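Worksheet for the structure shown next.
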Amino acid sequence: MKYENFHTFDVKAGDAIATVTFDFGTVNVQGQEMLADLNSLAMRLERDRDTKVVIFQSANPEVWVCHYDTELLKDMSTEAVSRDEAQLLDLQSVCERISKVPQATIAKLEGFARGGGHELALALDMRFAVRGKFKFMQMEVGMGILPCGGGASRMARQTGLGRALEITLSARDFDADEAEAMGTINKALDADEIDDYVNTLAQRIAKFPAESINACKQMVYESIDKPIEDALKAEAYWLYQATSKTPAVKRFQIADEQGLEHDMENQRNWEKLVMEVQDIN
């Protein structure tokens, strides 16, 4: 798959990992150019069976992705609409499409991510941030609106209701350690740690079957707001999507024939064994 002709970021792909590096103007402003690029990127990722992990980072050490372009916001309608008339906004649609790509997606956050930029980060599967550099904010309430790129919806799923309301109603900066405590990121890391941590994680995931990665991801998202019985049925559905396309059953057969599960040493070394089993096709 070729990842070329983007205007707001560059993409380098190889060894089942793609790295998207935002580099647009002074602050990576999130306007129509970036949304168009992200939509095009999602379309290619949806068709890419070789790439398994996508890392999103910034060429600017101070900013990951800036807020939504005010040039567009100033032209918003001032007319209220009914629930039936409400349509998905551009930022909502693009973030939702990015969230559903079959690859595991990781945000490597080394600078500010405010407003729409933070909402894009929330749409990715995992987030890791640098202490002393990363700050996030949802400032929309102070402008008279609300987070409208999935921020309010995804925030509550990440943090719980009380923390989501504190974040969206305070309109203040939160640093990396606060973000970890709140649940908006997976982990806060020192500046000299983040590259190794994210790269090691990406390389580990990239060794697993693409179909299994996608099935795990889609199942987790699908189950979030379902009753437990429906969530368990969805889990069963995605299980068979995986077994129909991966060598899982063959691997289980070999393990059973060799009695591997009864070996205590294997029980102690599952983290290593799960990587070695990738050679069984």
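The values are calculated or read from the model by the stated rules, or taken from the named source; none is laboratory data. Predicted model only: the values in this text are computed from it and were never measured. No Cβ is skipped: glycine too gets one built from the backbone with ideal geometry, and neighbour counts run over all protein chains shown. Side chains included, ligands, DNA and RNA excluded: accessible areas come from the protein's heavy atoms. Shrake-Rupley method; radii C 1.70, N 1.55, O 1.52, S 1.80 Å.
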### Task
Can you tell me which residue within segment 69-83, out of those that are open to solvent by less than 90 Å² (accessible area, probe 1.4 Å) and either outside any loop (DSSP other than H, G, I, E, B) or within 16 Å of Gln30 (Cα to Cα) (or both), is modelled with the highest pLDDT?
Asp69
### Query
Does segment 226-241 contain at least one residue that is more than 18 Å from the chain's Cα centre (by Cα) and polar (S, T, N, Q)?
yes
### Options Ala18, Ala42, Ala13: the member that is modelled with pLDDT of 95 or more, crowded, with 22+ Cβ neighbours inside 10 Å, out of contact with any Asp or Glu (no Cβ under 7 Å at 6 or more places or on another chain) and over 16 Å from Asp69 (Cβ atoms)
Ala18
### Query
farther than 30 Å from Arg47 by Cα, touching a His at 6+ places or on another chain (Cβ under 9 Å) and either of a type outside the set (D, E, K, R) or surrounded by fewer than 20 Cβ atoms within 10 Å (Cβ to Cβ) (or both) - does that describe any residue in segment 148-165?
no
### Query
If you take the residues in segment 240-259 that are open to solvent by less than 70 Å² (accessible area, probe 1.4 Å), assigned to a helix (DSSP H, G or I) and of a type outside the set (Gly, Ala, Ser), which one is farthest from Glu276 (Cα to Cα)?
Gln241
### Task
Determine if segment 88-105 includes at least one residue that is assigned to a strand (DSSP E or B), crowded, with 21+ Cβ neighbours inside 10 Å and of a type in the set (A, V, I, L, M, F, W, C).
yes
### Message
Quick test for you: out of Arg251, Arg268, pick the one residue that is in contact (Cβ under 8 Å) with a residue 24 or more places away in the chain, more than 26 Å from the chain's Cα centre (by Cα) and over 29 Å from Ala176 (Cα atoms).
### Response
Arg251
### Message
Looking at Thr26, Thr8 in this structure, which one is modelled with pLDDT of 90 or more and buried (at least 19 other Cβ atoms within 10 Å of the Cβ)?
### Response
Thr8
### Candidates Ala215, Ala179, Ala202, Ala188 - the one that is open to solvent by less than 30 Å² (accessible area, probe 1.4 Å) and either over 22 Å from Cys95 (Cα atoms) or among the β-branched types (Val, Ile, Thr) (or both)
Ala188
### Task
Output the residue which, of all residues in segment 45-59 that are assigned to a strand (DSSP E or B) and among the polar types (S, T, N, Q), is surrounded by the most Cβ atoms within 10 Å (Cβ to Cβ).
Ser58
